[in-house]
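The values are calculated or read from the model by the stated rules, or taken from the named source; none is laboratory data. Everything numeric here is computed off the predicted structure, so don't read it as measured data. With ideal geometry, Cβ positions are generated from the backbone for all residues, glycine too; neighbour counts draw on all protein chains shown.
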Amino acid sequence: MQLGGFKPDDVTVSNVLGAYFQSRLVDEAIEVFNLIKNKDKVSWTTMIVGYVQNGKEEDALNLFAKMLAEGVKPDSFTISSVISSCAKLAYLCNGQVVHGKAILLGVDNDLLVSSALVDMYCKCGITKDAWIVFDMMPSRNVVSWNAMIRGYAQNGQDLEALVLYEKLLQQKLKPDSITFVAVLSACNHAGLIEEGRIYFDSISKRYALVPTLDHYACMINLLGRSGCMTEAIDLVNNMPHEPNSLIWSTLLSVCAIKGDIENGEMAAKRLFELEPLNAGPYIMLSNMYATCGRWEDVASVRSLMKSKNVKKFAAYSWIEIDNEVHKFVAEDATHPQTEIIYEELGRLIKKLQEAGFMPDTKLVLHNVEEEEKFASICYHSEKLALAYGLIKNPHAITPIRIMKNIRVCGDCHMFMKLVSKVIGRPIILRDSNRFHHFVGGSCSCKDYW
């Protein structure tokens with residue numbers, strides 16, 4: 001960088017760092033950053049944004065802490081990027097701290113920061129706080145509206161999402177592609193098939209936008225889940241775009257929910273071609289076969305995975321306690337308080353069994369003995385996280401917040417509903433599909449997820 005005797009200025013260094021991150025050369029960017037003697041706000045912010053763009057949100061938060069320790073004052077762009085990290089990780093405590101920092105810096109009313117805060121609170125399952133931020137914004141753009149509409153949809157407040165969309169139109173703002181993904185998602189979660197059709201048609205007819213693959217995926221999901229599988233298949237076959245992995249994985253998910261083996265096999269085979277090393281489609285098809293007791297087909301899929309060297313991704317859950325994150329996998333035995341966690345979970349299971357609940361071992365998709373199935377389903381990662389949350393804060397009345405990186409299974413969903421009733425305390429679970437707010441034995445998703 002100092003070739004020919006020229007000393008790079010801050011902008012040049014920032015451009016180099018940005019170029020490395022855009023090329024996903026994170027280690028090289030770190031090397032350059034470490035060589036900078038007098039790091040300014042630009043270089044710190046570039047690193048933080050680069051981490052966020054490359055899925056390294058925890059590194060972004062750690063670097064932000066170092067930036068503050070070095071006495072470097074962040075700007076609105078830095079703050080919004082850090083808030084986005086908190087949103088992706090659903091780290092509520094960190095997000096609240098950064099919100100406080102934004103207020104102290106006087107950037108909390110900045111459009112970029114306010115929109116990020118709305119998104120963060122929604123992704124932590126607190127739409128009330130998101131609405132307070134949204135309502136107090138001195139000005140809003142379509143990004144701000146999208147964050148709030150999408151947040152309502154993700155948290156099971158589907159009608160609120162659609163009402164807010166109508167208010168957006170009253171403000172003479174033009175919805176964009178992201179707006180319609182949020183609106184169609186709300187229709188999907190609420191099972192509003194006719195409304196979904198109207199909104200989908202309006203994308204091109206009313207607003208002269210071209211429906212994207214995301215919009216088609218929403219409609220395929222809505223149609224399939226509403227029992228219109230033939231129409232969903234027709235939409236896949238007649239759409240102007242070449243169906244990609246999103247379309248086929250959406251169709252496969254719907255087929256899995258509906259038990260449609262024939263169309264599920266078709267979607268899975270397309271995914272095997274498009275993403276041969278993605279374990280998801282193999283596992284989903286295998287689970288569909290297992291549900292039907294077709295164990296030979298299950299073995300065939302697993303053999304195919306082995307021959308292609310396809311690796312399963314780890315399913316895990318995490319919970320934030322006293323600003324510290326604790327992660328769990330199914331039947332986890334690595335936590336320092338493992339023994340106490342299993343005792344607490346055993347106590348909960350016994351309490352629910354006395355009330356008539358029995359773990360649904362039919363959802364254990366392995367050809368094993370009933371006793372082994374019982375143990376397997378009782379110790380899923382989100383149940384362990386819940387037990388730990390109850391141990392650490394047994395008398396609190398605030399919601400227990402749990403995150404999971406894949407879709408919650410039917411048994412754990414029922415378990416969370418019943419526990420919320422037994423302990424008289426809300427449970428908020430964010431899985432890969434949406435938020436589930438369990439209160440008094442019911443879920444905000446209305447068992448539709």
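Couple of notes before you dig in:
- Residue among Cys378, Cys412 that is touching a helix residue (DSSP H, G or I) at 6+ places or on another chain (Cβ under 9 Å), at pLDDT 90 or above, not assigned by TED's automatic domain parsing to the domain that holds Gly280 and not acidic (Asp, Glu): Cys412
- Pick from the stretch 133-154, criterion buried (at least 19 other Cβ atoms within 10 Å of the Cβ) and among the β-branched types (Val, Ile, Thr), ranking: farthest from Ala182 (Cα to Cα): Val133
- Leu246 vs. criteria aliphatic (A, V, I, L, M) and either farther than 29 Å from Gly95 by Cβ or in the same structural domain as Cys412 (by TED's automatic domain parsing) (or both): no
- Residues (in a loop (DSSP other than H, G, I, E, B) and buried (at least 24 other Cβ atoms within 10 Å of the Cβ)) located in the stretch 105-132: Cys124, Gly125
- Of the listed requirements (1) farther than 24 Å from Cys93 by Cα; (2) in contact with a Ser or Thr (Cβ under 7 Å, 6 or more places away or on another chain); (3) in a loop (DSSP other than H, G, I, E, B), Lys446 misses just one: (2).
- Any hit, the stretch 126-147, residues being within 16 Å of the chain's Cα centre (by Cα), of a type outside the set (Phe, Trp, Tyr), closer than 25 Å to Asp447 by Cα and assigned by TED's automatic domain parsing to the domain that holds Lys172: yes
- Checking Pro175 against (1) modelled with pLDDT of 95 or more; (2) part of a helix (DSSP H, G or I), the condition it does not meet: (2)
- Hey, Ser139 small (Gly, Ala, Ser) and in a helix (DSSP H, G or I) or not: no
- Any hit, the stretch 80-99, residues being buried (at least 18 other Cβ atoms within 10 Å of the Cβ), in a loop (DSSP other than H, G, I, E, B) and not assigned by TED's automatic domain parsing to the domain that holds Pro426: yes
- Any hit, the stretch 55-68, residues being at pLDDT below 95, of a type outside the set (Phe, Trp, Tyr) and more than 25 Å from Ala90 (Cα to Cα): no
- Some residue of the stretch 410-418 being in a strand (DSSP E or B), under 20 Å from Asp332 (Cβ atoms), touching a residue at least 24 places away in the same chain (Cβ under 8 Å) and touching a Cys at 6+ places or on another chain (Cβ under 8 Å): no
- Only listed residue being crowded, with 22+ Cβ neighbours inside 10 Å and not assigned by TED's automatic domain parsing to the domain that holds Asp431, chosen from Ile233, Ile220, Ile198: Ile220
- Restricting attention to the stretch 150-190 and to residues that are among the polar types (S, T, N, Q) and in contact with a helix residue (DSSP H, G or I) (Cβ under 9 Å, 6 or more places away or on another chain), the residue that is nearest to Gly224 (Cα to Cα) turns out to be Asn188.
- Residue in the stretch 115-124 that is farther than 18 Å from Val42 by Cβ, at pLDDT below 95 and under 24 Å from the mean Cα position of the chain (by Cα) present: yes
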